[in-house]
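Presented below is the structure to which this report refers.
The values are calculated or read from the model by the stated rules, or taken from the named source; none is laboratory data. This structure is a prediction, so every number in the text was calculated from the model and none was measured. With ideal geometry, Cβ positions are generated from the backbone for all residues, glycine too; neighbour counts draw on all protein chains shown.
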Amino acid sequence: MQEALFQQYAQLVQQHFGIQLPLEKKALLESRLFKLLNERHGQPGFGDEREFLNYVLEDASGQALTLLSEAITTHHTFFMREADHFDFFGKQVLPYLESCIRDGDVRTWCAACSSGEESYTLAMIMADFFALRGPEWETTLLATDLSQDILDVARSGVYTGEAVRSLPAQWQAEFFHRLPDGNYQVSDRLKQKVLYRKFNLMTPVFPFRKPFHVIFCRNVMIYFDTPTRDALVRKFYDFLEPGGFLFVGHSEVIDRQSAPFEYVMPSVYRKK
């Protein structure tokens with residue numbers, strides 16, 4: 001791929017998804033597009049990288065952009081990733097929310113949920129915490145991602161035995177059942193506590209009717225440039241309740257000049 005063509009792709013990806021593609025990512029983009037073009041060989045507009053770019057630019061339906069987003073996004077996650085966050089969520093955040101929420105509606109957003117491990121982990125922690133606290137607590141959480149394909153994986157809730165093995169034995173027994181092929185599937189009861197939706201964090205105006213008490217957006221903003229990251233952090237601040245918590249990845253640090261968050265612990269911030 002010529003550098004000029006790569007730069008056109010990079011500009012398009014930055015504009016629509018906020019993701020930076022520096023020149024050293026050219027080989028990665030080439031391999032992802034090669035796979036995409038081979039999988040869809042023979043379809044109109046998919047002859048080579050140039051024709052696919054023209055297809056994306058000319059398509060008004062949004063389907064071409066969806067294909068591009070599926071090609072360039074990376075989905076790497078696992079259960080209990082950055083486990084100290086989950087420990088803090090269960091031991092510090094939930095008791096605080098129990099003490100201050102009056103209508104029983106716990107609003108949690110797992111942004112960039114990928115294949116579902118993070119969102120199901122949060123759901124299991126809340127199920128444990130609120131199990132003996134009465135039926136008036138509504139803990140269904142929102143989990144969003146840019147990729148429809150990865151959301152389908154999350155909704156299915158099927159994981160390998162090796163992936164599930166990292167979870168406490170009690171959770172394995174209570175929230176999963178083994179399939180004939182040896183994989184494990186999340187129970188229907190737990191699936192009902194996670195609402196999966198496709199959502200682009202670059203959406204200019206967030207559509208949520210009520211602010212959240214907790215937002216998890218981990219290991220996503222590392223792909224954004226500084227202005228994009230600062231704008232997103234400000235939106236997160238605006239869509240948090242006072243006293244609400246923002247969790248980011250351990251390799252991410254937010255600029256508190258962009259939004260007046262209070263630092264709580266590494267990669268955990270709170271709205272004042």
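For region 256-265, what are the residues that are surrounded by 12 or more Cβ atoms within 10 Å (Cβ to Cβ), touching a helix residue (DSSP H, G or I) at 6+ places or on another chain (Cβ under 8 Å) and not in a strand (DSSP E or B)?
Matches in region 256-265: Ser258, Ala259.
Across region 18-40, which residue is nearest to the chain's Cα centre (by Cα) among those that are assigned to a loop (DSSP other than H, G, I, E, B) and free of Cβ contacts under 8 Å to residues at least 60 places away in the same chain?
Leu21
Condition first: farther than 30 Å from Gln15 by Cβ and either surrounded by 14 or more Cβ atoms within 10 Å (Cβ to Cβ) or without any contact (Cβ under 8 Å) to a residue 12 or more places away in the chain (or both). Now tell me which residues in region 188-213 satisfy that.
Quick first cut of region 188-213, residues farther than 30 Å from Gln15 by Cβ only: 188-194, 213.
Hits for region 188-213 are Asp188, Leu190, Lys191, Lys193, Val194, His213.
Would you mind telling me which numbered condition in (1) within 24 Å of His16 (Cβ to Cβ); (2) assigned to a strand (DSSP E or B); (3) among the basic types (Lys, Arg) Arg270 fails?
(1)
When you scan region 165-177, how many residues do you find that are in a strand (DSSP E or B) and crowded, with 17+ Cβ neighbours inside 10 Å?
1
So that you can scan it fast, the table gives a plain yes or no per residue for (1) surrounded by fewer than 13 Cβ atoms within 10 Å (Cβ to Cβ); (2) among the charged types (D, E, K, R); (3) farther than 25 Å from His16 by Cα; (4) under 16 Å from the mean Cα position of the chain (by Cα):
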| residue | (1), (2), (3), (4) |
| --- | --- |
| Arg218 | no, yes, no, yes |
| Phe236 | no, no, no, yes |
| Glu241 | no, yes, yes, no |
| Glu252 | no, yes, no, yes |
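Would you point out which residue out of Asp87, Asp48, Asp105 is of a type in the set (Asp, Glu) and over 30 Å from Pro242 (Cβ atoms)?
Asp48
So which residues in region 48-100 are in a loop (DSSP other than H, G, I, E, B), farther than 19 Å from Leu28 by Cβ and of a type in the set (S, T, N, Q), if there are any at all?
Across region 48-100, the qualifying residue is only Ser61.
Give the residue that is farthest from Leu37 (Cα to Cα), with candidates limited to residues of region 68-87 that are surrounded by fewer than 17 Cβ atoms within 10 Å (Cβ to Cβ) and more than 16 Å from the chain's Cα centre (by Cα).
Result: Asp87.
So which residues in region 145-164 are farther than 19 Å from Cys217 by Cβ and either without any contact (Cβ under 8 Å) to a residue 24 or more places away in the chain or part of a strand (DSSP E or B) (or both), if there are any at all?
Asp152, Val158, Tyr159, Gly161, Glu162
So which residues in region 220-234 are more than 14 Å from Phe17 (Cβ to Cβ) and either in contact with a strand residue (DSSP E or B) (Cβ under 9 Å, 6 or more places away or on another chain) or among the β-branched types (Val, Ile, Thr) (or both), if there are any at all? First the steps, then the outcome.
To start, the set of residues in region 220-234 that are more than 14 Å from Phe17 (Cβ to Cβ) comprises 226-227, 230, 233-234.
Once the filter is applied, which keeps residues that are more than 14 Å from Phe17 (Cβ to Cβ) and either in contact with a strand residue (DSSP E or B) (Cβ under 9 Å, 6 or more places away or on another chain) or among the β-branched types (Val, Ile, Thr) (or both), region 220-234 yields Thr226, Val233.
Scan (1) part of a loop (DSSP other than H, G, I, E, B); (2) under 16 Å from the mean Cα position of the chain (by Cα); (3) basic (Lys, Arg) for the single condition Arg229 breaks and write down its number.
(1)
Asp103 fails exactly one of the following numbered conditions: (1) outside any helix (DSSP H, G or I); (2) assigned by TED's automatic domain parsing to the domain that holds Ile125; (3) in contact (Cβ under 8 Å) with a residue 60 or more places away in the chain. What is the number of that condition?
The single condition Asp103 does not satisfy is (3).
For residues in region 178-202 being in contact with a Phe, Trp or Tyr (Cβ under 7 Å, 6 or more places away or on another chain) and either among the charged types (D, E, K, R) or not in a loop (DSSP other than H, G, I, E, B) (or both), which is farthest from Tyr237 (Cα to Cα)?
In this case the residue turns out to be Arg178.
Being among the acidic types (Asp, Glu) and free of Cβ contacts under 8 Å to residues at least 40 places away in the same chain is true for just one of Glu82, Glu49, Glu3. Which residue is that? Spell out how you get there, then give the answer.
Values: Glu82 fails: free of Cβ contacts under 8 Å to residues at least 40 places away in the same chain; Glu49 fails: free of Cβ contacts under 8 Å to residues at least 40 places away in the same chain.
The match here is Glu3.
Among the residues of region 122-144, is any within 18 Å of Tyr159 (Cβ to Cβ), part of a loop (DSSP other than H, G, I, E, B) and at pLDDT 95 or above?
no
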